[in-house]
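Just so you know, all these numbers are worked out from the coordinates, no wet-lab data involved. In this text, all values refer to a predicted model and were calculated from it rather than measured experimentally. Positions of Cβ are backbone-derived with ideal geometry, glycine not excepted, and every protein chain shown enters the neighbour counts.
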Amino acid sequence: MAQAEVSELEDSSVDLVTVAQALHWFDITAFSSEVGRVLKKDGILAVWTYNPLEIQAGIDNLISHLYQDALGAFWSPERRLVEENYSGICLPFDEIRGLSFEMSAEWDFPGLIGYLSTWSTVRASMVKTGNNPVELIYGGLLKAWGHPASTRTIRWPLKMRVWRKIHS
């Protein structure tokens, strides 16, 4: 296994490099240099990201409160790049039209609570405050959700940016 910035792949040996929801953790200058080194001419770099899930307005508002108000101070500065769908990232390749997709799942209420509890900021908040911030919205979420065993469609809009290396 190697770091994204130092892959140990051969020069001009790769047709496609993909990055899913992780570009904001990379040293982008070093990564773009490495991608330029390993991509073949006309090779593609495709990166995508997603922001908080979408369910329905009442539930989404509560999750937004958790995300922004209760956890805002705990998000890393790099999270801003995700929130901007990586739009502020400039790479030395020719950008081609990106695509938008949607990822979806069917969850019950415990599935939603389990997912929210995996957020790194929830754990960071718990360490710092001793309280689980998900509990702040739990009652409101349950009321908006209805019966905990009922399922709802959870959606994550995916935003993709794509570049092509045109020089060898």
- request: With only Lys, Arg, Asp and Glu charged, each at its Cβ (+1 for the first two, -1 for the last two), find how big the charge dipole of the chain is about the Cα centre; round to the nearest 20 debye.
  value: 260
message: How much of the pair distance distribution for region 14-164 lies past 23 Å, counting alpha-carbon pairs only, in percent?
response: 47
- request: In whole angstrom, note down how far apart the Cα centers of region 93-168 and region 4-74 are.
  value: 15
- line: Taking 0.36 nm per residue of separation between Leu99 and Ser33 and subtracting their Cα-Cα distance, the length gained on full extension comes to 21.4 nm
message: Given points 7 Å out from each Cα along the Cα-Cβ axis, report the Ala22 to Gln56 separation in nanometres with one decimal.
response: 3.6
- prompt: Among the lysines, which fall within straight-line cross-link reach of Lys41, defined as a Cα-Cα distance under 18 Å, with same-chain neighbours fewer than 8 residues apart omitted?
  reply: Lys165
field: Counting DSSP beta bridges with both ends in region 14-164, the antiparallel % (nearest 5)
entry: 75
field: Separation of the Arg164 and His65 label points, Cα + 7 Å toward Cβ, nm
entry: 4.9
Cα-centre dipole for region 103-168 with unit charges at Cβ (Lys and Arg positive, Asp and Glu negative), debye to 20: 540
- request: Using DSSP to define loop residues, name the trypsin sites (Lys or Arg not before Pro) in region 41-124 whose beta-carbon has at most 12 other beta-carbon atoms within 10 Å.
  value: Arg97
- line: In the neighbourhood of Ser32 defined by beta carbon distances under 14 Å, the net charge of the other residues (Lys, Arg +1; Asp, Glu -1) is -1
